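Everything on this sheet refers to the single structure shown next.
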Amino acid sequence: MRETLVAGIDSSTQSCKVVVRDAATGALRRFGQAPHPDGTEVDPEAWWDALRVALAAAGGLDDVAAVSVAGQQHGLVALDAEGEVIRPALLWNDTRSAGAARDLIAELGRADRGDAAAGPAAWAEATGSVPVASLTVTKLRWLADHEPENAARVAAVALPHDWLTWRLSGATSFDTLVTDRSDASGTGYFDTARGVYRRDLLALALRRDDVEGVVLPRVLGPGVEAGRGDLAADLGHLVLAPGAGDNAGAALGLGMVRGDVAISIGTSGVVSAVAPEPVADPTGLVAGFADATGSFLPLAVTLNGSRVLDAAARLLGVDHAGLSALALAAPAGAGGLTLVPYLDGERTPNLPEATGSLLGLTLSTMTPEHLARAAVEGLLCGLADGVEAVRAQGVPVERIRLIGGAARSEAVRTLAPGILGGPVQVPTPGEYVADGAARQAAWVLSGEPEPPTWTTAEVRIYDGEPAPQVRERYAARRHLVTGR
Ligand SMILES: Nc1ncnc2c1ncn2[C@@H]1O[C@H](COP(=O)(O)OP(=O)(O)O)[C@@H](O)[C@H]1O
Ligand SMILES: O=C(CO)[C@@H](O)[C@H](O)COP(=O)(O)O
């Protein structure tokens, strides 16, 4: 009997990845990838082009029965009444809306509680998250303030995965514009605990009273079909799944359950955990998002993930294997050298205007080995803070798995247990977001109430001596940063 194939897509910050898997077992059959343009402002058409190249590299969809798109979260894709993209999308790592975030927090605090200082708690209660520059709601406010003529033309607001799913469906009318809870929960105008949009917050962001007519993607429940039929551009005849935000995709791809924590080191550094109850953290360290199965996915996200290592390798004139070897050749704590890695500003902690700092230089620490070590340790210390913040919300942290591009670094894997304070599981390097999307596609195809049980990836366990002194020194220095 011919096997049934499903495809999963991860339209991430740096590239588009496609996996084609057996719907019953999850066995990998084909893979394709295509790069995205650099920058924090991107024409969504470039994602569509990359998706088509990646699909072709993965052998196309002619023999595939269902497809699902997961993608980078929060990016603002503003559409006009004709469904055309109004301006290049502002991505999750674009920090120009940091001031808008501060304004929105104060305004809701004043409106809801008569006190601007109560804003963080008001937002956490309303949506599950306190706005930072990454969230879509702040990008809409930035648009209203800096490009009012564009803001006035907004007829629909989509996220990267919603827009790509819509393009796949043919983008014929806004009736077919859909999303899922996981990505809706990252907009800042969705009440994650109750599963409904907050149009009043959309109106607040856009400074418009007429937002009733603004189309927001229909939020499909877990496992619900998004459509079926001929895809756009002759890409095939198949079932379309609702898709997900990339971190919810990874949770589905890893088969995460309560107690599991994923640390993903791609462009972003993400600590996420599956939780049965919604989280509302007024400190803003943890965002109270939803997952793709009907549960919740609290997460702490840094702006400075794999690119910290990319930049360190470039500076030292080595490749990633070389950087890893250098880092492993230096002593723990890099002899007192600390890299506070806020190269792109920072989101957690919320320091969008911060720059990175290199502290503790001496004649003996100013070496390639010490610098490489400090880069890996600084990256991991930021993530360890994220684990602590998630734990502080009462979310159980029992098993940590390391994924994303930089999980391929032997130095990251080796040093993670010491800095995180316990063993770390490293699944076979793979595309877990795309895998989660493929699993969702198989789920929708099956019509069953639960996703199919797929064989989970093999993991290698890394353990090591705890290195609390590295984190302590980092904690003492992480605020010693200067602005841009
Ligand atoms: N062996 C490695 N060591 C460290 N970083 C790596 C390694 N291999 C790839 N990367 C980095 O991982 C990143 C890509 O990972 P990925 O998870 O696909 O990112 P994103 O999801 O943000 O597009 C790039 O910055 C790349 O340089
Ligand atoms: O902003 C978030 C989550 O809140 C990021 O995780 C983005 O979703 C981008 O992820 P990568 O492309 O870096 O994996």
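The values are calculated or read from the model by the stated rules, or taken from the named source; none is laboratory data. All values reported here derive from a predicted model rather than from experimental measurement. We place every Cβ from the backbone using ideal geometry, glycine too, and count neighbours over all the protein chains shown. Keep in mind that these areas ignore ligands, DNA and RNA; they rest on the heavy atoms of the full protein, side chains included. Shrake-Rupley method; radii C 1.70, N 1.55, O 1.52, S 1.80 Å.
Okay, here's what the table says:
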| read-out | value |
| --- | --- |
| Residue that is nearest to ligand 2 (Cβ to nearest atom) [pool: residues in the stretch 298-343 that are open to solvent by 60 Å² or more (accessible area, probe 1.4 Å) and not in a helix (DSSP H, G or I)] | 343 |
| The lone exception for residue 292 - which of (1) assigned to a loop (DSSP other than H, G, I, E, B); (2) within 16 Å of ligand 2 (Cβ to nearest atom); (3) of a type in the set (A, V, I, L, M); (4) surrounded by fewer than 20 Cβ atoms within 10 Å (Cβ to Cβ) it fails | (4) |
| Lone qualifier among 213, 259, 284 - being open to solvent by less than 10 Å² (accessible area, probe 1.4 Å), more than 25 Å from residue 441 (Cβ to Cβ) and more than 13 Å from the chain's Cα centre (by Cα) | 259 |
| Residues of the stretch 349-358 classified as open to solvent by 20 Å² or more (accessible area, probe 1.4 Å), touching a strand residue (DSSP E or B) at 6+ places or on another chain (Cβ under 8 Å) and either within 16 Å of ligand 2 (Cβ to nearest atom) or not in a loop (DSSP other than H, G, I, E, B) (or both), total | 2 |
| From 238, 252, residue being under 30 Å from residue 391 (Cα atoms), of a type in the set (A, V, I, L, M, F, W, C) and either at pLDDT 95 or above or assigned to a loop (DSSP other than H, G, I, E, B) (or both) | 252 |
| Which listed residue is over 30 Å from residue 128 (Cβ atoms), over 21 Å from the mean Cα position of the chain (by Cα), of a type in the set (D, E, K, R) and at pLDDT 95 or above, from 398, 410 | 410 |
| Within the stretch 92-110, tally of residues that are touching a residue at least 40 places away in the same chain (Cβ under 8 Å) and open to solvent by 40 Å² or more (accessible area, probe 1.4 Å) | 3 |
| Strands (runs of 3 or more DSSP E) contained in the stretch 162-233 and holding at least 2 residues touching a Ser or Thr at 6+ places or on another chain (Cβ under 7 Å) and at pLDDT below 95 | none |
| Residue satisfying condition, being of a type outside the set (Gly, Ala, Ser) and under 24 Å from residue 102 (Cα atoms), within set 286, 318 | 286 |
| Unmet criterion (only one of (1) open to solvent by less than 10 Å² (accessible area, probe 1.4 Å); (2) closer than 18 Å to residue 55 by Cβ) for residue 250 | (2) |
| Qualifying residue in the stretch 114-126 (condition: farther than 30 Å from residue 342 by Cα and out of contact with any Leu (no Cβ under 6 Å at 6 or more places or on another chain)) | yes |
| Residue ranges of strands (runs of 3 or more DSSP E) in the stretch 1-90 with at least 1 members at pLDDT 95 or above, surrounded by fewer than 23 Cβ atoms within 10 Å (Cβ to Cβ) and in contact with a Pro (Cβ under 7 Å, 6 or more places away or on another chain) | 15-22 |
| Residue match in the stretch 430-440 (condition: more than 16 Å from ligand 1 (Cβ to nearest atom), out of contact with any helix residue (DSSP H, G or I) (no Cβ under 9 Å at 6 or more places or on another chain) and on the phi < 0 side of the Ramachandran plot) | no |
| Answer from 466, 396, 417 - the residue that is more than 16 Å from ligand 1 (Cβ to nearest atom) and open to solvent by 30 Å² or more (accessible area, probe 1.4 Å) | 466 |
| Qualifying positions in the stretch 29-52 - among the aliphatic types (A, V, I, L, M) and either in contact (Cβ under 8 Å) with a residue 40 or more places away in the chain or under 20 Å from residue 240 (Cβ atoms) (or both) | 42, 50, 51 |
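Let's see how each residue does on (1) open to solvent by less than 30 Å² (accessible area, probe 1.4 Å); (2) over 20 Å from residue 180 (Cα atoms); (3) in the same structural domain as residue 62 (by the TED database):
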position	(1), (2), (3)
217	yes, no, yes
220	yes, no, yes
223	yes, no, yes
230	no, yes, yes
237	no, yes, yes
268	yes, yes, no
273	yes, no, no
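Residues checked against (1) buried (at least 17 other Cβ atoms within 10 Å of the Cβ); (2) of a type in the set (A, V, I, L, M, F, W, C); (3) touching a strand residue (DSSP E or B) at 6+ places or on another chain (Cβ under 9 Å):
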residue	(1), (2), (3)
129	yes, no, yes
148	no, no, no
166	yes, yes, yes
172	no, no, no
193	yes, yes, yes
199	no, no, no
